[in-house]
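Asks: Before anything else, here's the structure in question.
The values are calculated or read from the model by the stated rules, or taken from the named source; none is laboratory data. Since the model is a prediction, treat every value here as computed from it, not as a measurement. Cβ placement follows ideal geometry from the backbone for every residue including glycine, while neighbour counts extend to all protein chains displayed.
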């Protein structure tokens, strides 16, 4: 397996282009199942999760041409509304084919999902919603089997708690249901708004995306679409923290600061300069960092997907900060790896107390999930001595387009070492 090797101590200067949003592109790709004809997606990031979704769509009977940042999807005749374990286990977002398949074809068989091991993320809200729309659901040998032979019908669906993929899955199902659906207690994330834009382009009528209540008037049929994916707020946030940690002055092109206001507030409180320059965001830091407390929350709160990266930043601030994780119960798995690099972090349930100001040193560390891997790369940027080898970077490749190259372009000493080469280096 590949390794990212980092030699720390370099300040960052230059320009980083922010790619399209993974978490927006994946549901939009699933939405192509709702229509025939050719749909064109622009500004698609070059990621492992995109390739996995393309493979899944091909299995389901679609023609998919991936030439990032462009992806073309069209029907190829005979649909196959079954998503196998071998594909779904690679990525939890695969569950989002369930709603489009049962809405379009009246039946679907989708494996229970896999993905990052950051806690239990049940799909019960998806299934309860589909049942409210008239589908019959059963679980058989690890598969969800959904059937609605006489077409889904609009209804009110009340989520027990906000769920991004649940909201998106049921938005897509309701877009082809007969009549009006009302989704209550919806997720507010920008990616939900992005999917609503696409569904409206296809001919559904979606109102209220980005609020608690979304209303959808289903269509008898939906049209293909042409859509440019919004920039990735989490990638932008990760580079904001990387510059804050390493120090320097970097311009992030096409960074959606309007989706990162809470992060920007916390970075400014820590002593980082954040300013908007047109569609770009400039990040500067040349003063000592201050400790800041954060608590993760659903959007528009502090993103759980930025918690691990921000924790590394707090390792550099003189004093103690407190980080509370409220979304996932198992999202402090990066803490022991940061400890191997010299960080002093005490975890008490959902709270981490970060005792900052201690120098970090290079070490061999292992990524446990997508955002943890990014945090370890950032930690490697600020080590006072030694090399940092981040292993299991296939996690990183799920959500970041060649992070090591983008960092190297702004002055970091980062390189990807291919698996065989890395093993030979260890043996030498």
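Asks: Residue by residue through region 217-228, note down the ones that are over 25 Å from the mean Cα position of the chain (by Cα) and buried (at least 18 other Cβ atoms within 10 Å of the Cβ). It would help to see each step written out before you state the result.
Replies: Filtering region 217-228 down to residues over 25 Å from the mean Cα position of the chain (by Cα) leaves 217-223.
Within region 217-228, 218, 219, 222 meet the criteria.
Asks: Something else now. Can you pull out every residue in region 361-391 that is assigned to a helix (DSSP H, G or I) and within 12 Å of residue 5 (Cα to Cα)?
Replies: Step one: filter region 361-391 for residues assigned to a helix (DSSP H, G or I), giving 370-381.
Scanning region 361-391 gives 376, 377, 378, 379, 380, 381.
Asks: Could you tell me which of the residues 334, 350, 395, 355 is out of contact with any strand residue (DSSP E or B) (no Cβ under 9 Å at 6 or more places or on another chain), outside the structural domain of residue 47 (by TED's automatic domain parsing), in contact (Cβ under 8 Å) with a residue 12 or more places away in the chain and crowded, with 16+ Cβ neighbours inside 10 Å? So that I can check it myself, show each step before the final result.
Replies: On the way: 334 fails: out of contact with any strand residue (DSSP E or B) (no Cβ under 9 Å at 6 or more places or on another chain); 350 fails: out of contact with any strand residue (DSSP E or B) (no Cβ under 9 Å at 6 or more places or on another chain); 355 fails: out of contact with any strand residue (DSSP E or B) (no Cβ under 9 Å at 6 or more places or on another chain).
Exactly one residue qualifies, and that residue is 395.
Asks: On to the next question. Within region 59-74, track down each residue that is closer than 17 Å to residue 224 by Cα, over 21 Å from the mean Cα position of the chain (by Cα) and surrounded by fewer than 18 Cβ atoms within 10 Å (Cβ to Cβ).
Replies: Selection gives 61, 63, 65, 72, 74.
Asks: Give the residue that is farthest from the chain's Cα centre (by Cα), with candidates limited to residues of region 358-376 that are under 30 Å from residue 23 (Cα atoms) and in contact (Cβ under 8 Å) with a residue 40 or more places away in the chain.
Replies: Our first condition is that a residue be under 30 Å from residue 23 (Cα atoms); within region 358-376, this holds for 364-376.
Right, trim to in contact (Cβ under 8 Å) with a residue 40 or more places away in the chain and you get 368-372, 374-376.
On the way: 368: 15, 369: 11, 370: 8, 371: 9, 372: 12, 374: 12, 375: 14, 376: 17 Å.
For region 358-376, the residue satisfying everything is 376.
Asks: Looking at (1) within 27 Å of residue 304 (Cβ to Cβ); (2) out of contact with any strand residue (DSSP E or B) (no Cβ under 8 Å at 6 or more places or on another chain), can you tell me which one residue 97 breaks?
Replies: Tallying (1) within 27 Å of residue 304 (Cβ to Cβ); (2) out of contact with any strand residue (DSSP E or B) (no Cβ under 8 Å at 6 or more places or on another chain), residue 97 fails exactly one: (2).
Asks: Considering only region 129-147, how many residues are at pLDDT 95 or above and either outside the structural domain of residue 92 (by TED's automatic domain parsing) or not in a strand (DSSP E or B) (or both)?
Replies: Number satisfying all stated conditions: 7.
Asks: Would you check if there is a residue in region 63-72 being part of a loop (DSSP other than H, G, I, E, B) and modelled with pLDDT under 95?
Replies: The answer is no; no qualifying residue exists.
Asks: I'd like to know if region 106-120 contains one or more residues that are modelled with pLDDT of 90 or more, within 17 Å of residue 151 (Cα to Cα) and part of a helix (DSSP H, G or I).
Replies: There is no residue in region 106-120 that is modelled with pLDDT of 90 or more, within 17 Å of residue 151 (Cα to Cα) and part of a helix (DSSP H, G or I).
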